[in-house]
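Written out below as structure tokens is the structure these notes cover.
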Amino acid sequence: MSLDVLASALEALRLRGTVYFQSDFRAPWGMAVPANNVAAFHVIASGECWLRGPGLPATRLTGGDIALLPHGNAHELVSSTDTLAVPAGQLLGEPRRGPDGEAAYGGEGESTRLVCGHFDVDQTVSHPLFTTLPIVLVVPTAEEEQTSWLATAAQLAAAESQSQQQGAAVVVDRLAEALLIQTLRLHLRDSPPAKGFLAAIAHPQIGQSLSRIHLQPERSWSIEELAQVAGLSRAVFAARFRELVGESPARYLWSWRMLAARRLLQNITLSTAQIAAEVGYQSEYAFAKAFKRYFGEGPGAARRSA
């Protein structure tokens, strides 16, 4: 897998990580999380629980597991399959003190420690990285060397989210992004998908073409040139690319150019003409027209709102 492609795609999506809490839940307990336009995640720091919801099979989660719901589907976390879940706000509004004096939620039984949060995904962009992910990804990490690192990253993100120090929001974003990248890497390794953007960047030929598009969006790539990079015939390349990514190479190139341009607009030292050239447009007018068609606003408006 090309981590450059994955990292640059995540950067283009302008993800913002938020950690709600790290808390102890004592059986019996059940928390219902409503549907939302965010990618929810839960790290099981210790103990165990169950994840369930509409369209989701009941899944047992144990210490070290990470659950990611990239489309923000409604779901429940419960101490056992026969436990009733109550709205998260109601459960979290009724803390009690555990034996160690820390706040705990639920009853007085076995303890489960959770770190919960979400990623805000730019709703103006429909990138196949997220649109092709399944409803839920559950990644077991108990046997991983990275387990302690993942748990530490999640706990640090939770602590920083409560911090009043300068730069805390940036720290949370970076820790959450690292957590997401590692989750996607482990998912791809343990449950390699047959289709989707992760399958595309892991594909030995299609992944190479995506890397070149991401590295050189200014180049006027033809289907033949990208097929040559991939070492495939034009027809086979075009069909395989569309099958995995969900759109044609030309459409993806245009989409990536627009995302790269939006990122460059944050650099106030670059003129619109310079940015147009950076993403393969000789005409500033043609670039502005394409940008507005993609985002619904021109480069100037996008720069002012960045």
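The values are calculated or read from the model by the stated rules, or taken from the named source; none is laboratory data. This one's a predicted model, so the numbers in the text were calculated from it and none came from an experiment. Cβ sites come from the backbone with ideal geometry, for glycine too, and all protein chains shown count toward neighbours.
Some notes on this structure:
- Looking only at region 261-279, and only at residues there that are surrounded by 21 or more Cβ atoms within 10 Å (Cβ to Cβ) and within 15 Å of S220 (Cβ to Cβ), the one that is farthest from the chain's Cα centre (by Cα): A276
- L210 vs. criteria in contact with a helix residue (DSSP H, G or I) (Cβ under 6 Å, 6 or more places away or on another chain), at pLDDT below 95 and buried (at least 18 other Cβ atoms within 10 Å of the Cβ): no
- Selected residue (criterion: nearest to the chain's Cα centre (by Cα)) from residues of region 9-21 that are surrounded by fewer than 21 Cβ atoms within 10 Å (Cβ to Cβ) and outside any helix (DSSP H, G or I): L15
- First in region 25-51 and touching a residue at least 24 places away in the same chain (Cβ under 8 Å), second anywhere and among the charged types (D, E, K, R) and buried (at least 21 other Cβ atoms within 10 Å of the Cβ), Cβ under 6 Å, 6 or more apart: A32/E76; I44/D65
- Candidate set: region 71-100, residues that are within 19 Å of the chain's Cα centre (by Cα) and small (G, A, S); chosen: the one modelled with the lowest pLDDT: G72
- Selected residue (criterion: modelled with the highest pLDDT) from residues of region 1-33 that are under 22 Å from F295 (Cβ atoms) and charged (D, E, K, R): E11
- Candidates Q266, Q205, Q282, Q228, filtered to the one that is touching a residue at least 40 places away in the same chain (Cβ under 8 Å) and polar (S, T, N, Q): Q266
- Condition check for R251: on the phi < 0 side of the Ramachandran plot, of a type in the set (D, E, K, R) and modelled with pLDDT under 95: no
- Here L6 meets each of (1) buried (at least 17 other Cβ atoms within 10 Å of the Cβ); (2) of a type in the set (A, V, I, L, M); (3) in a strand (DSSP E or B) with one exception, condition (3).
- Annotation: of all residues in region 34-70 being among the β-branched types (V, I, T) and surrounded by fewer than 22 Cβ atoms within 10 Å (Cβ to Cβ), the one that is modelled with the highest pLDDT is T59.
- Residue within region 179-188 that is assigned to a helix (DSSP H, G or I) and more than 19 Å from L69 (Cβ to Cβ) present: no
- Filter result for P134 (modelled with pLDDT of 85 or more, closer than 19 Å to R60 by Cβ, assigned by TED's automatic domain parsing to the domain that holds A45 and of a type outside the set (D, E, K, R)): yes
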